[in-house]
Amino acid sequence: MSAGDGRGDSEALGRVGEALLGCIAHGGLVAVCSGAGCSAESGIPTFRGAVAGGEGADAPGGDDGDDPAIALPLWSRNDPAALATPEGFARDPELVTRWYDWRRRRCLRASPNAGHRALAELEALCAGADGDGFVLLTQNVDGLHQRAGSVRVHELHGSLYRWRDVATGAERVFADPAPMGVYPPRNDATGNALRPCVVWFGEALPEEVVDAGLEAASRCEVFLSVGTSAAVYPAAGFAEAAGARGAFVAEVNLEATGLSGVADVSVRGRCAELLPRLVSMVRAGLGER
Ligand code: BV8
């Protein structure tokens, strides 16, 4: 395992590039798992750890501007892990749905950054004729990977834009940047409260995304963990499982995590800087073959 410095270690990044080129050469599977650090440079606050923003980023507690009713102290005043639970929702459905609506609108206003775009390009370089050479597992609920052009995306923890009736499960998409206005929002047909279709702590991930993660971990030749503290399970377990069976595991993250010590390569730095550099290496390598 080799770690990089704050600017990202070119030698370590070069090793990741070589592993990707080797995998692409014989149609192996590249799996990526992303976390909140990948969206930090789009101005979306992370849950934990250091934050390195880029254009427009600000640390949790910045100014929301358009909705004084839920001014940003909501984020800094409340522990995300406490709000992202069924108990938190049961205790105060108004607070929790205001928080999620604030995040939903903030993410709608955000734009994908160079790290998101690099992963979309990597998918195109890896996918191969049948598109089966790449899979992106994201813990993020902001939809920015898809807006950057990523196609084979599994949202492990759900989405801010889909909400469901707490009783019937009927889903509805909220894509309008205007505030929902009523908290909790209601299903017009039943009058029941709506909750965001995100996976809260203590809730099981949807079976299909767990299956996708397990399959990626069991088949991939290269597993990239990018912008995640690797602290939340079962998501963090997929990289570990891939490494345990001999896949090449690489980490790109601002700070060391529980995965750093077991990864083949762990590079310190910002996703929006390092991922484009990595994809440039792969593109150049493919051009030479
Ligand atoms: C479950 C959605 C069981 C909501 C989230 C072992 C196995 C299984 C479960 C557990 C287990 N051990 C413990 C558990 C329980 C728990 C868990 O993992 N707890 C942790 C805290 C110990 N897991 C669960 O509860 C899961 N459910 O297991 O259910 C079950 C089974 C059957 C039946 C019933 C129940 C559910 C977990 C999902 C929780 N939901 N989010 C929402 O978004 O509000 S988790 C939340 O954390 C977000 O999704 C977030 O994405 C995720 C992980 O965090 P990261 O993405 O990594 O973000 P973080 O801020 O932590 O780190 C960012 C990193 O980026 C930092 O390291 C930083 O340095 C770096 N960074 C910052 N800027 C940059 C950067 N890096 C690069 N560039 C930058 N610019």
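The values are calculated or read from the model by the stated rules, or taken from the named source; none is laboratory data. The structure presented is a predicted model; accordingly, all values stated were derived computationally and were not measured. Neighbour counts run over all protein chains shown; Cβ positions are idealised from the backbone, glycine included.
Just to be sure before I move on: is V210 touching a residue at least 24 places away in the same chain (Cβ under 8 Å), within 11 Å of the ligand (Cβ to nearest atom) and not in a loop (DSSP other than H, G, I, E, B) in the structure I sent? Write out each step before concluding.
On the way: touching a residue at least 24 places away in the same chain (Cβ under 8 Å): yes; within 11 Å of the ligand (Cβ to nearest atom): yes; not in a loop (DSSP other than H, G, I, E, B): yes.
Taking the combined requirement at face value, the residue satisfies it.
Looking only at region 241-289, which residues are farther than 19 Å from G22 by Cα and more than 13 Å from the ligand (Cβ to nearest atom)?
Across region 241-289, the qualifying residues are A244, G261, V262.
In contact with a Lys or Arg (Cβ under 8 Å, 6 or more places away or on another chain), aliphatic (A, V, I, L, M), surrounded by fewer than 18 Cβ atoms within 10 Å (Cβ to Cβ) and over 18 Å from L156 (Cα atoms): which single residue out of A244, A256 fits that description?
Details: A244 fails: in contact with a Lys or Arg (Cβ under 8 Å, 6 or more places away or on another chain).
When all the criteria are applied, what remains is A256.
Only residues that are free of Cβ contacts under 8 Å to residues at least 60 places away in the same chain and touching a Phe, Trp or Tyr at 6+ places or on another chain (Cβ under 6 Å): list them for region 109-137, please.
If we filter region 109-137 for residues that are free of Cβ contacts under 8 Å to residues at least 60 places away in the same chain, which is where we start, we get 120, 123-124, 127, 129-131.
The answer is E123, A127.
Pairs, please: C-beta under 9 Å, at least 6 apart or cross-chain, first residue more than 12 Å from G35 (Cβ to Cβ) and basic (K, R) and in region 138-161, second part of a strand (DSSP E or B) and more than 8 Å from the ligand (Cβ to nearest atom)?
These pairs meet every condition: R152/F134; R152/V135; R152/L136.
Pairs under 8 Å by beta carbon, first residue more than 7 Å from the ligand (Cβ to nearest atom) and among the aromatic types (F, W, Y) in region 75-86, partner in a helix (DSSP H, G or I) and at pLDDT 75 or above, six or more apart or different chains?
From region 75-86, the pairs are W75/W99; W75/W102.
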